[in-house]
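What follows draws every value from the coordinates through simple rules; no lab data is involved. The structure presented is a predicted model; accordingly, all values stated were derived computationally and were not measured. Cβ coordinates were reconstructed from backbone atoms using ideal geometry, including for glycine residues, and neighbour counts include every protein chain displayed.
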């Protein structure tokens, strides 16, 4: 299941490339969020409904739901879709390996007991060198901002991860459904205002958007819940090593994207930073 989750998330960048052939970037983000929200709300209603405002910690939970809507869904999806108009899906996928590295300093500041040890500082430094290599590669017009947008999306995911970690206990399906619903309320009007109603898109664009909504945004949440409950969050974190690899493989095979050796060097540095930052017990814990 962990391998399937890595493949689904890794293929999301290919899905974005397909969707962008017929939809604008914000419309692409809004479409995947809206479709996934409908599916997960249905699942949540069958399992007891969305989190209640009147429940213990209800207002605090909904504050974290708003944070999830912004930093886990609306902002990073829009940034990645916009960026992939200028950068390859492989590049966007590689930047996702930055997420757990960015979590390290954020957790140090925001999560009690998560201090930056010497090992974590060393891992962060190695991984950050990989980020510098990625951003500093030769680039065409507009690619510089697009690369920064990908890194910005990774930063959003890191903030979203800390936000979810600090949320009071709540069912993950209900939490995700509520977050997607709030994100849809925010981004769908923005997409219509900025990009308007899309013209009749080609079949591959519709297929890409359906994939994004059904699998990496909806089904992946269900798999995530199952893996977390059966094997724990430490095991789930291993997916961070898989997503960029799948993004590179799929982008190269199906889109014919070139893969500069510097991309691979940057990915090796980032993953090395992840390995160094984790203790031997964390790396092996089932």
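Report the residue, chosen from 143, 199, 220, that carries the largest GNM mean-square fluctuation when the chain is represented by alpha-carbon nodes joined by springs under 10 Å.
199
So, in nm, how far is label residue 226 from label residue 128 when the simple model puts each one 7 Å beyond its Cα toward the Cβ?
4.0
Restricting things to alpha carbons, tell me how big region 23-69 is in terms of Rg and Dmax, in Å.
Using the Cα atoms of region 23-69, the pair Rg, Dmax is 13.4, 42 Å.
Let me see the pair-distance distribution of region 55-180: every alpha carbon pair, 10 Å bin width, integer percents in order.
P(r) over region 55-180, rounded to whole percents: 13, 37, 32, 16, 3, 0.
Put one equal scatterer on each alpha carbon of region 159-213, apply the Debye formula with no solvent term, and list log10 I(q)/I(0) at q = 0.16, 0.22, 0.25 1/Å to two decimals.
Summing over Cα pairs of region 159-213 leads to -0.72, -0.98, -1.06.
What FRET efficiency comes out for the pair residue 43/residue 204, r = Cβ-Cβ distance, R0 = 25 Å, nearest 0.05?
In this case the efficiency is close to 0.35.
Relative contact order for region 2-284: what percent, with Cα pairs under 8 Å and sequence separation of 6 or more?
44
So, R0 is 22 Å and r is the distance between the beta-carbons of residue 145 and residue 4; what FRET efficiency does that work out to, to 0.05?
Taking R0 as 22 Å, the efficiency between residue 145 and residue 4 is 0.05.
If the elastic network links every pair of Cα atoms under 10 Å, which of 66, 104, 118 fluctuates the most in the Gaussian network model of the chain?
Fluctuation is largest for 118.
Which three numbers, in whole Å and largest first, are the semi-axes of the equivalent ellipsoid of the chain derived from its Cα gyration tensor as √(5λ)?
Taking √(5λ) for each Cα gyration eigenvalue gives 27, 26, 17 Å.
Ranked from highest to lowest mean number of other Cβ atoms within 10 Å per residue, what is the order of the peptides 173-179, 267-273, 43-49?
Working: 173-179: 25.3, 267-273: 20.7, 43-49: 13.4.
Those peptides, ordered most packed to least, come out 173-179, 267-273, 43-49.
Where the centre of each part is set by its Cα atoms, how far does region 124-203 sit from region 6-59, in angstrom?
12
For the pair residue 21/residue 165, report the inter-label distance in nm, with labels modelled 7 Å from Cα in the Cβ direction.
About 4.0 nm, to one decimal.
Between residue 108 and residue 268, what is 0.36 nm times their sequence separation minus the Cα-Cα distance? Round to one decimal in nm.
So the chain would gain 55.1 nm between residue 108 and residue 268.
Name the residue, out of 110, 102, 68, whose mean-square fluctuation peaks in a Gaussian network model built on the chain with Cα pairs under 10 Å.
Checking each option, the largest mean-square fluctuation is seen for 110.
Using only the alpha-carbon atoms, what does region 129-197 span along each of its principal axes? Please give whole angstrom values in decreasing order.
For region 129-197, the Cα extents along the three principal axes come out at 45, 37, 13 Å.
When you have a sec, figure out the Kirkwood radius of region 200-261 from all distinct Cα pair distances and drop it here in Å to one decimal?
13.9
Suppose only helical runs count, i.e. DSSP H with n ≥ 4. What mean residue ellipticity at 222 nm does that imply for the chain under -39500 (n - 2.57) per run, divided by all residues and rounded to the nearest 500 deg cm²/dmol?
-23500 deg cm²/dmol
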